[in-house]
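Asks: The following block contains the structure, expressed as structure tokens.
The values are calculated or read from the model by the stated rules, or taken from the named source; none is laboratory data. No experiment lies behind these values; they were computed from the predicted model shown. Note: ideal-geometry Cβ built from the backbone for every residue, glycine included; neighbour counts use all protein chains shown. For the accessible areas, the whole protein counts, side chains as well, though only heavy atoms, and no ligand, DNA or RNA atoms are used. Shrake-Rupley method; radii C 1.70, N 1.55, O 1.52, S 1.80 Å.
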Amino acid sequence: MNFSIYFTGLMMGLSLIVAIGAQNAFILRQGLRNEHIFVVCFACALSDAVLIVLGVTSLQQIARLLPWLDPVMRYGGAAFLAWYGAKSLFSALRSNAALAEAEARTAGFRQTLATCLALTWLNPHVYLDTVVLLGTISTRYPGYQASFAAGAVTGSFLFFFSLGYGATRLRPIFSKPSSWRMLETLVAATMWIIAFKLIGGM
């Protein structure tokens, strides 16, 4: 285990997953309502883990068969991250969105789990983030991809469980639009830094 690369994977995973979206808003809502928090967090984290491992292992094998794929994926990933960062910055400058008050009506276990899995597996961005981007970044660390993947998986578990169980304390903060703007600005900066590193070969 290379702890430096593990930490890099941890930070990369966290920076990609922290972006505000339907999945994270759903976890926040479940946390605020104290409904099926463990199952929702575990389902999201486990799904991420499966996709991260798939990305790290499959991209390695494909790269051996298609050597031209690495630069294409690297520059393509950098372009996507640059766009993603610009989108986050635009949202930070223009958006007034804040997390709405949780609904009073409770949802059943199966309905909650189905919604959680749909928000995860039917979202095309999750494949770009985990399989493509993290898988591509891991190729920058030959021989230590397992350490990178372990860090990214750890980041997913840390984030989802912290988000779900910390929702009550986060509520006073993220009920304010200014807090969302600050977070989106941080996400934009992080995306651009990663894009620059991808283009520069890490």
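Asks: Rounded, prolate or oblate: which fits region 143-185 when a ≥ b ≥ c are the square roots of the eigenvalues of the alpha-carbon gyration tensor, with rounded for a/c under 1.5 and prolate only if a/b beats b/c?
Replies: Oblate shape, in that a/c is at least 1.5 and b/c is the bigger or equal ratio.
Asks: Among rounded, prolate and oblate, which fits region 117-170 when a ≥ b ≥ c are the square roots of the eigenvalues of its C-alpha gyration tensor, a/c under 1.5 means rounded, and a/b larger than b/c means prolate? Show your work: numbers first, answer last.
Replies: Numbers: a/c = 3.46, a/b = 1.52, b/c = 2.27.
Oblate, because a/c is 1.5 or more while a/b does not exceed b/c.
Asks: Which order do the peptides 189-197, 47-55 take when ranked by the mean count of other beta-carbon atoms within 10 Å per residue, highest first? Intermediate values should be presented prior to the final figure.
Replies: On the way: 189-197: 18.2, 47-55: 20.8.
Answer by packing, highest mean first, reads 47-55, 189-197.
Asks: In the chain, what percent of the accessible surface is made up of carbon and sulfur (1.4 Å probe, ligands and nucleic acids excluded)?
Replies: The value for the chain is 69 percent carbon and sulfur by accessible area.
Asks: Ignoring everything except DSSP H segments at least 4 long, calculate the 222 nm mean residue ellipticity for the chain; use -39,500 (n - 2.57) per segment, divide by total residues, nearest 500.
Replies: After summing the helix terms and dividing by residue count, I get -25500 deg cm²/dmol.
Asks: Not counting ligands, DNA or RNA, and with a 1.4 Å probe, what is Lys176's accessible surface area in Å² rounded to the nearest 10?
Replies: Per-residue accessible area (Lys176): approximately 120 Å².
Asks: Positive end of the dipole of the chain, charges at C-beta (+1 Lys, Arg; -1 Asp, Glu), about the Cα centre: which of Phe38, Val187, Phe160 has its Cα farthest in that direction?
Replies: After comparing all options, I get Val187.
Asks: Follow-up question, since we're still on this one. State to the nearest 20 debye the size of the charge dipole of the chain about its Cα centre, where the only charges are +1 on K and R beta carbons and -1 on D and E beta carbons. Walk me through the intermediate numbers first.
Replies: Details: 14 positive and 7 negative charges, 55 e Å.
Taking the Cα centre of the chain as origin, the dipole is about 260 debye.
Asks: Quick one: helix 3-17 against the long Cα principal axis of the chain, what's the angle to the nearest 10°, folded into 0 to 90?
Replies: Its long axis makes an angle of about 50 degrees.
Asks: Another question, if that's okay. Give me the 1.4 Å probe accessible area per residue for the chain, excluding ligands and nucleic acids, in Å².
Replies: Computed with neighbouring chains in place, this is 52 Å² per residue.
Asks: Per the Debye formula with a single identical scatterer at each Cα and no solvent contribution, what log10 I(q)/I(0) holds for the chain at q = 0.11, 0.17 Å⁻¹?
Replies: Evaluating at q = 0.11, 0.17 Å⁻¹ gives log10 I(q)/I(0) of -0.52, -1.16.
Asks: On full extension of the chain, what length is gained from Ser4 through Lys197, given 0.36 nm per residue of separation minus the C-alpha to C-alpha distance?
Replies: Contour length minus Cα-Cα distance gives 67.9 nm.
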